[in-house]
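Participant: Take a look at the following structure, please.
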């Protein structure tokens, strides 16, 4: 295989790369981080790089001096004149000769910041998996007719009262070596007081489980100490299925229209989950004592072997694809899932690299479009234990809604698109250092102040803060500020001629607001919020509002006591901004709660308290699914809901509330 | 890859074979059956072939004209001058040029004859796996919140009272397609009233299970109609582990002394079992209606998919190796097995190609050397339900003994070697056409009469019967006849100078008896019984006798009411001959029963009646294991037991009995 010399600047990484690899593959091979939100699907345009040396221009291609593949139509859509010369998408351009590449600051991926540690859950510790110490008398010729496994069973019965246990046969494979290696002291891991899933030599204390939340766009794993219930490490990745479709429906279509489509996407997500596992355990394996039993000859242990339990939540389509179930029938009327109940599946049956004898507990799903992730929210927030009428909004690529109280809880789902997650936003980026996360705009001067991840203080004009983009969770607040400052009107349209050069026409001729000037950034270009960004957010919030409104109509209620905002990102939604934008029907601001990743909280609860699993199965069946997309009122409601509320009418108390919270607001209209 | 032209005569098969393949591999590739008892271990010498054309002599090798690899030391041990020129072992000689080979009659493998159909078992039909027909109402938008699986569960509960069922998740993968393919009629297969392991479109009647008996030397599978309990097909193979050791101890040693030894032997037996499965279902797949569900895209079904349940018996070493359990500790004091209880293991976890969601039920083992096969014998013969004191001898490569009645049953094991199975016997062969199975020798003339498999009548000197060798199960009878005719004495030594040319010195200078002259055979050489053959049998029967005698001593009994002879071959042991040889302590001949493959019967019973599985677990623990090899009296008893009994003393009633049975006997000494 022919190889070419490739150099990445400013990192200075260099190496020999195989003919035909993309620049992104080369960067990965050489340890250079390039941003790529879309997973090489050529849609996000975030992986722009500048070619410094090497021939890539049209002329050179024609003369045969081709060091990169020709520029594609897909690239042309993303590369703008203002990007300057020599720009290519790293995910697309293929290497056919020696080349030197510069990675602009904006395209450099930082490590994603999980800004809030997983919150502390107040729940009784009673995990499904427990460890027991056993100490046996070595066998002699006088008791030779008792097998090693039978000795272990006898001890567990005598000392712990465990009866009727079974054992995964693969545990038996190493049992004899382990008992002898530990001098007849061993630690036995038991699942649900039913089945032995591990035996380790000596007395082992630490026990780990992994709670997993697989979103359409983002996947996160919470490594949990099953002895304390605390999260000891968190890792997240982009869902590796993104290249096969950005939303649920396009992935279902991909599965139906490609012979191996389902298998390809299943392998992608399982491989991604295995990446999370490898990274999430790397520290405990490095620092802590190895809790691995001495493997038998020829049986290597993966790092994830320390994990003995896993709970997982996802939407229905991700659920089906993850399990290799045909998603066809959930994609078309009458939207029947293959299975709703929770499932316990051996890790090895799914090629998930934790203890192969461990079970993956898949939480139940509610209905076609209301998945196990919403069941996670349900058991975390427990509306069925409350008197107040609550609306719970779980915002991911899909918005899932729960509404009700102890008498009745209903659910529905609405397509919001990925705007709330920062995708399809011009300067959207992950919650990494350099991302603008909070903005305040002076209603008089229209000048912004903002906070950047990685900097303690608000940006002032005195200091260069190296802003790089907007993080997903900040976008709601920014648009709310634009509205409050009168920069956009209630239809979402930019108001021009405000006497500020912050509002201007972009290169596409459409209005935009400059949040940070080029010299405040590390990317050397103005960071703006565009008309298209505002529109994407309006569509998303309109869908949520319509969903909630129609649910209230169907439930026959006119008033919500409480609104819970749950987001999949671990970061929190700005509840004031969500009120300003009208993301949901009226509710007193002090009764609006942002709870972070409630779906993930549900998965964590099911991990550390097994009765939550039974509760999930029962309540998932009890919740009533409401179909709102087919409601004839949907379209009309949706058109209205796109507007940003006329605050005086919709939220008569908003001005007071916002002032109380420290903002200065000019109510217009 | 270079190929050479290879021709096999007299079959006339020809083809292009890759450089370096052995003649045996070439024969297999071209569909030519060559005998190979030892599984290419180069020990049995049964695969001799004659090179007709092509250069293989030393001279030609040195001149570079090498069409076969040089003759090895292993081959030289087997090739005798009387074999004539040009003889090679097919398992050893490698092809390096064009070649033409003649396969002598003696080396041609016939299809093994299972001479007795599996006997009818009188047991209530109550299999662990049952099929249920379901008929669902197609879902509509009005009941869209019920999953397909939940619909099936509801039907099974309403119509059959089945509650608390779980489902193998791989069944869910095809569930939706299958329900729709069958027009919402389907057949659900349920294991132990607990778990759904298959769903098929439409109403399916036939249901199959496989009972498997894995012996050290031979493996057999009984395909059983679970609707009737009848065996519909039987297939057997040599145990493919033979190349790694002919007996249990040498295989344990192989596992301990080779890094991948355990894995290699496990793969070999599982691959062999998959061969049995493929062959045993070939007819029902050909003739019967396909009971396969329409596979999903890209998921091919193996033929064995029609099998939904499997029971399996084997000795403890075969049990451990089959499951990938380290056999080290059962091979050394205090001989502790990893596990004794029965196990239910998913077929896919062992790569066994039946329904991958089906369970393999592994019967329990008793103690280190008394395995699941003996538990099979135990539940088939049920000594624990009887008043009479019974001795049950299960003869395979190991001899396993059960002794007792309803008050107490003891077990032990003794190493008999493979003589009873026909291995290590000079003209030993499988029970295939041409094998001499029964012999009578005239005590006066010393002339034999014999019966050959595939011929209805006894051989007379008028007719050419094409004898080819001695089958394993016939060897006991032949040695008994040699003794009764005075051709060997009670020490097993040949008596020379009897005035018959049938008794002579063989080419090795040791005595032998000519059973068939070359012109009566199809192999063109005299078929003889040698001094070494007699010695091998004496060792085997001595081990059995000693085991039984020491058990009686330990149990404090002096008399047996009944002796049951169980053999692993499906063929039956000659009970008269076994009395003559003194294989077991004295017992009236009318109380000696030959029951065929009782271990296999036990596996079949556990397959068609699930309460036999519970019974096996209970009784395996109840039986008391006696260690006799460490008994100080063992060696002395064994030396005595090697002798062939002085019949007048040991069996005072034998002459009458034998005469009653039609033999004419001259009692000597």
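The values are calculated or read from the model by the stated rules, or taken from the named source; none is laboratory data. For clarity, every value in this text was computed on a predicted model and none was experimentally measured. With ideal geometry, Cβ positions are generated from the backbone for all residues, glycine too; neighbour counts draw on all protein chains shown.
Participant: For the stretch A:208-219, does any single residue satisfy the condition of being within 14 Å of chain B (Cβ to nearest Cβ) and under 29 Å from residue B:350 (Cα atoms)?
Facilitator: In the first step, residues of the stretch A:208-219 are kept if they are within 14 Å of chain B (Cβ to nearest Cβ); the result is none.
No.
Participant: For the stretch B:339-348, which positions are outside any loop (DSSP other than H, G, I, E, B) and within 7 Å of chain A (Cβ to nearest Cβ)? Spell out the reasoning first.
Facilitator: Let us first name the residues in the stretch B:339-348 that are outside any loop (DSSP other than H, G, I, E, B), namely B:343-348.
Those that are outside any loop (DSSP other than H, G, I, E, B) and within 7 Å of chain A (Cβ to nearest Cβ): B:343, B:345.
Participant: A follow-up question, please. Right, residue A:248: surrounded by 22 or more Cβ atoms within 10 Å (Cβ to Cβ), assigned by TED's automatic domain parsing to the domain that holds residue A:322 and touching a strand residue (DSSP E or B) at 6+ places or on another chain (Cβ under 8 Å) or not? Before the answer, list the steps.
Facilitator: Details: surrounded by 22 or more Cβ atoms within 10 Å (Cβ to Cβ): yes; assigned by TED's automatic domain parsing to the domain that holds residue A:322: yes; touching a strand residue (DSSP E or B) at 6+ places or on another chain (Cβ under 8 Å): yes.
Here the answer is yes, as residue A:248 does meet what is asked.
Participant: Would you confirm, using the coordinates I've provided, whether residue A:197 is in a strand (DSSP E or B), closer than 30 Å to residue A:139 by Cβ and within 14 Å of another protein chain (Cβ to nearest Cβ)? Spell out the reasoning first.
Facilitator: Details: in a strand (DSSP E or B): yes; closer than 30 Å to residue A:139 by Cβ: yes; within 14 Å of another protein chain (Cβ to nearest Cβ): yes.
Against the criterion (in a strand (DSSP E or B), closer than 30 Å to residue A:139 by Cβ and within 14 Å of another protein chain (Cβ to nearest Cβ)), residue A:197 qualifies.
Participant: Can you tell me which residues in the stretch A:482-495 are under 31 Å from the mean Cα position of the chain (by Cα), surrounded by 16 or more Cβ atoms within 10 Å (Cβ to Cβ) and more than 19 Å from residue A:584 (Cβ to Cβ)?
Facilitator: Scanning the stretch A:482-495 gives A:482, A:488.
Participant: Go over the candidates A:560, A:579, A:565 one by one and state the one that is assigned to a helix (DSSP H, G or I), touching a residue at least 12 places away in the same chain (Cβ under 8 Å), within 27 Å of residue A:384 (Cβ to Cβ) and not assigned by TED's automatic domain parsing to the domain that holds residue A:450. Spell out the reasoning first.
Facilitator: Details: A:560 fails: assigned to a helix (DSSP H, G or I); A:565 fails: assigned to a helix (DSSP H, G or I).
Answer to the check: A:579.
Participant: Let me ask you something else. Would you mind stating whether residue B:224 is modelled with pLDDT of 95 or more, more than 14 Å from chain A (Cβ to nearest Cβ) and in contact with a helix residue (DSSP H, G or I) (Cβ under 9 Å, 6 or more places away or on another chain)? Break it down into steps so the answer makes sense when it comes.
Facilitator: Values: modelled with pLDDT of 95 or more: yes; more than 14 Å from chain A (Cβ to nearest Cβ): yes; in contact with a helix residue (DSSP H, G or I) (Cβ under 9 Å, 6 or more places away or on another chain): yes.
When the stated conditions are applied, residue B:224 passes them.
Participant: If the requirement is being assigned by TED's automatic domain parsing to the domain that holds residue A:256 and buried (at least 24 other Cβ atoms within 10 Å of the Cβ), which of these qualifies: A:337, A:356?
Facilitator: Unique residue meeting the criteria: A:337.
Participant: In the stretch B:129-155, how many are more than 8 Å from chain A (Cβ to nearest Cβ), assigned to a helix (DSSP H, G or I) and buried (at least 18 other Cβ atoms within 10 Å of the Cβ)?
Facilitator: Number of matching residues: 4.
Participant: Inside the stretch B:168-194, can you point out the residues that are without any contact (Cβ under 8 Å) to a residue 24 or more places away in the chain and outside any helix (DSSP H, G or I)? Break it down into steps so the answer makes sense when it comes.
Facilitator: First pass over the stretch B:168-194, keeping only residues without any contact (Cβ under 8 Å) to a residue 24 or more places away in the chain: B:169, B:172, B:180, B:182-183.
Of everything in the stretch B:168-194, those that are without any contact (Cβ under 8 Å) to a residue 24 or more places away in the chain and outside any helix (DSSP H, G or I) turn out to be B:182, B:183.
Participant: I would also like to ask the following. So residue B:539 fits all but one of (1) more than 19 Å from residue B:397 (Cα to Cα); (2) within 26 Å of the chain's Cα centre (by Cα); (3) surrounded by fewer than 21 Cβ atoms within 10 Å (Cβ to Cβ); what number is the exception?
Facilitator: (1)
Quick grid of which residues meet (1) within 29 Å of residue A:532 (Cβ to Cβ); (2) in contact with a helix residue (DSSP H, G or I) (Cβ under 9 Å, 6 or more places away or on another chain); (3) away from chain B (no Cβ under 14 Å); (4) assigned to a helix (DSSP H, G or I):
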{"residue": "A:374", "(1), (2), (3), (4)": "no, yes, no, yes"}
{"residue": "A:384", "(1), (2), (3), (4)": "no, yes, yes, yes"}
{"residue": "A:387", "(1), (2), (3), (4)": "no, no, yes, no"}
{"residue": "A:399", "(1), (2), (3), (4)": "yes, yes, yes, no"}
{"residue": "A:404", "(1), (2), (3), (4)": "no, yes, yes, no"}
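Participant: Among what's in the stretch B:200-225 and is in a strand (DSSP E or B) and more than 19 Å from the chain's Cα centre (by Cα), pick the residue that is farthest from residue B:154 (Cα to Cα). Reasoning before the result, please.
Facilitator: The initial filter retains those residues of the stretch B:200-225 that are in a strand (DSSP E or B), namely B:200-201, B:208-214, B:218-225.
Now drop any that are not more than 19 Å from the chain's Cα centre (by Cα), which leaves B:200-201, B:208, B:225.
Numbers: B:200: 17, B:201: 18, B:208: 26, B:225: 28 Å.
Taking the candidates together, the pick is B:225.
Participant: In the stretch A:156-173, what count of residues is obtained for those that are buried (at least 21 other Cβ atoms within 10 Å of the Cβ) and more than 8 Å from every other protein chain (Cβ to nearest Cβ)?
Facilitator: The qualifying residues number 2.
Participant: What are the residues in the stretch B:266-282 that are in contact with a helix residue (DSSP H, G or I) (Cβ under 9 Å, 6 or more places away or on another chain), free of Cβ contacts under 8 Å to residues at least 60 places away in the same chain and away from chain A (no Cβ under 13 Å), if any? Even if it seems obvious, please write down each step before you answer.
Facilitator: Initial filter on the stretch B:266-282 (in contact with a helix residue (DSSP H, G or I) (Cβ under 9 Å, 6 or more places away or on another chain)): B:266, B:268-270, B:273-274, B:277-278, B:280-282.
Narrowing the set further to residues that are free of Cβ contacts under 8 Å to residues at least 60 places away in the same chain leaves B:266, B:268-269, B:282.
Result: B:268, B:269, B:282.
Participant: Looking at (1) touching a helix residue (DSSP H, G or I) at 6+ places or on another chain (Cβ under 6 Å); (2) assigned to a helix (DSSP H, G or I); (3) within 14 Å of chain B (Cβ to nearest Cβ), find the lone condition where residue A:617 falls short.
Facilitator: (1)
Participant: Based on this model, can you work out whether residue A:336 counts as within 12 Å of chain B (Cβ to nearest Cβ), within 20 Å of residue A:629 (Cβ to Cβ) and touching a helix residue (DSSP H, G or I) at 6+ places or on another chain (Cβ under 8 Å)? Can you show your working first?
Facilitator: Values: within 12 Å of chain B (Cβ to nearest Cβ): yes; within 20 Å of residue A:629 (Cβ to Cβ): yes; touching a helix residue (DSSP H, G or I) at 6+ places or on another chain (Cβ under 8 Å): yes.
So residue A:336 fits the description; yes.
Participant: Which condition breaks for residue A:176 when tested against (1) under 38 Å from the mean Cα position of the chain (by Cα); (2) within 14 Å of chain B (Cβ to nearest Cβ); (3) surrounded by 20 or more Cβ atoms within 10 Å (Cβ to Cβ)?
Facilitator: (1)
Participant: Quick one: residue B:312 ticks every box in (1) within 14 Å of another protein chain (Cβ to nearest Cβ); (2) outside any strand (DSSP E or B); (3) surrounded by 24 or more Cβ atoms within 10 Å (Cβ to Cβ) bar one, so which box is it?
Facilitator: Result: residue B:312 fails condition (2) only.
Participant: For the stretch A:439-450, name all the residues that are under 22 Å from residue A:535 (Cβ atoms) and in contact with a helix residue (DSSP H, G or I) (Cβ under 7 Å, 6 or more places away or on another chain).
Facilitator: Scanning the stretch A:439-450 gives A:439, A:441.
Participant: Follow-up question, since we're still on this one. Give me a count of the residues in the stretch A:321-333 that are without any contact (Cβ under 8 Å) to a residue 40 or more places away in the chain, more than 9 Å from every other protein chain (Cβ to nearest Cβ) and outside any loop (DSSP other than H, G, I, E, B).
Facilitator: Adding up the residues that qualify gives 0.
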